[in-house]
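To start, the structure under review is shown below, and the notes come after it.
The values are calculated or read from the model by the stated rules, or taken from the named source; none is laboratory data. All of these numbers come straight from a predicted model, not from anything done at the bench. Neighbour counts are summed over all protein chains in view; Cβ atoms, including those assigned to glycine, are modelled from backbone coordinates with ideal geometry. Just so you know, the surface numbers come from the protein's heavy atoms only, side chains and all, with ligands and any DNA or RNA stripped out. Shrake-Rupley method; radii C 1.70, N 1.55, O 1.52, S 1.80 Å.
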Amino acid sequence: MGTPESKRGPAIFAGPLFFVSDVINVDSNPEYTRASVLIACFSNMPKDHLVPAILVLLLFTASSTYADDSLEFKGLKIGSTAEELRMKYPEFICSDPRQEATRPLNETLKKFWERKQTEADLFCETTIIDRAPRTALSGVAGRHIKVIDFHFIANRLMYAYALLDSLAFDDLIAGLTTKYGPPTRKDTGAKSTKMTFYWKRAGATIRVSKYAESLDTASYSLSADDYWPEVARRRAARAKAIGKGR
């Protein structure tokens, strides 16, 4: 494993940590696995240092289990650009809500795009048909996705949303727990109320929801921490502008 060395210094337990490493050339000895190398190192360690060393190893292993735990959806993280989305999934249709709202539309669509102006500078969506060939985009946790939305503000992914069958809820929870660890928070109540599980990391949150007795849909969302405050700011500004225009 390299040149033998002796180190003495402060440790997390009483007394100094001292050991001498053996030279183990793994490349020239393919029969050495990571486990066998660890066993060899521990076997040569003084007994009074063995238990603390194992505790240190377990602490490191536990802390690194979810080391690469940045939240993402379909390979896209908060801050990804619209170009990255198009390169990865060219099937998405992306629209500028401000431009869409200027088109001759019926009242329902006009209101839809006016609302979307408060939620995104660029709105990207795709609907996945049940009978369409399965792709990397069409499922999550082994379940079929019905609709996916990506919202970009200043060409930065701020929000992702997926609509699924409610039967996907338990599989989503299990898959996310395997990937990121236990939920950070759970909101559960009476049978007819909404159930939501959260995974929180620095700068982003995943939410998985369904109504407890629903047989219709479950939802998955990934949002930047500053997304909903920005939406609230935009909606307040829009309401103020409408009020002035009356």
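Details
- Distance between the stretch 82-132 and the stretch 145-165 - C-alpha centres, whole angstrom: 10
- Label-point separation in nm, residue 236 to residue 98, each point 7 Å along Cα→Cβ: 2.1
- Ordering 178, 217 by accessible surface, largest first, gives 178, 217; the 1.4 Å probe counts only protein heavy atoms, with every chain in place.
- Across the protein chains, with a 1.4 Å probe defining accessible surface, the residues 93, 148, 173 rank 93, 173, 148 from largest area downward.
- Of the residues 158, 87, the one with the largest accessible area comes first in the ranking 87, 158, computed with a 1.4 Å probe on protein heavy atoms.
- Ligands, DNA and RNA excluded, the heavy atoms of residue 94 present near 40 Å² of accessible surface to a 1.4 Å solvent probe.
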